[in-house]
Amino acid sequence: MLIIETVLKPDQFGGIGLFSAALLPKGSLIWIHNPIVDIAVTPKQYEALAPTFRALLDKHAYPRDYKANDGVIEYNADNARFMNHSSQPNTYQDDHCRILTVREVQPGEELTCNYLFFDPTCDLSWAKEPSVNVDAPTG
């Protein structure tokens, strides 16, 4: 469950992103697990759902614990589900399953995480990231 003020708005790739509404110092706690908001769905429950809701879970849910390999997925019922992937995220998950900022995050900056941390088998072939020109001259 998000514990900071956020805003949903278009991201740089034409999708929807989660943006900070305030200045967040490095190490700011932004998300904690809450079973009322962060819903665990078993494989049996998933199969019993309508196809439209399964499609929603396919897009926004992730393995609750990929190490357990039990097929249980987690769905964030708040705006946390709109946090996009980055290979250089500005957040990280600590050993207590909390999400904090890696560095200072400016108001209006998109909050990102590395999906591979939650699911090392995640297919990121769709992922778009700003291209970096390694041949660009430096200052």
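The values are calculated or read from the model by the stated rules, or taken from the named source; none is laboratory data. Given the structure is predicted, the values throughout are model-derived calculations rather than measurements. Quick reminder, even Gly has a Cβ in these numbers, built from the backbone with ideal geometry, and neighbours come from all protein chains shown. With ligands, DNA and RNA removed, areas are computed over all heavy atoms of the protein, side chains included. Shrake-Rupley method; radii C 1.70, N 1.55, O 1.52, S 1.80 Å.
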Study note, to complete from the structure: Just one listed residue, out of Lys26, Lys67, Lys9, Lys44, is charged (D, E, K, R) and modelled with pLDDT under 95, and it is Lys67
Practice item. Quick one: count up the residues across region 9-32 that are farther than 21 Å from Arg103 by Cα and either buried (at least 16 other Cβ atoms within 10 Å of the Cβ) or in contact (Cβ under 8 Å) with a residue 40 or more places away in the chain (or both). Key: 3
**Study point:** Complete set of residues in region 88-108 that are among the hydroxyl-bearing types (Ser, Thr, Tyr) and under 12 Å from the mean Cα position of the chain (by Cα)
**Key:** Thr91, Tyr92
Check your understanding: Could you say whether any residue in region 57-64 is on the phi < 0 side of the Ramachandran plot, surrounded by 13 or more Cβ atoms within 10 Å (Cβ to Cβ), of a type outside the set (D, E, K, R) and in a loop (DSSP other than H, G, I, E, B)?
Key -> yes
Check your understanding: Among the residues of region 98-126 satisfying the criterion of being assigned to a loop (DSSP other than H, G, I, E, B), of a type in the set (A, V, I, L, M, F, W, C) and open to solvent by 50 Å² or more (accessible area, probe 1.4 Å), which is modelled with the highest pLDDT?
Key -> Val102
Exercise for review: Look at region 127-139 and say how many of its residues are at pLDDT 50 or above and either farther than 30 Å from Glu74 by Cβ or open to solvent by less than 40 Å² (accessible area, probe 1.4 Å) (or both).
Suggested key: 1
Exercise for review: Any residue in region 113-124 that's more than 19 Å from Thr101 (Cβ to Cβ): show its pairings with residues that are part of a loop (DSSP other than H, G, I, E, B) and not acidic (Asp, Glu) at Cβ separation under 8 Å, as long as the two are six or more apart or on different chains.
Suggested key: Asp119/Tyr66; Pro120/Tyr66; Thr121/Tyr66
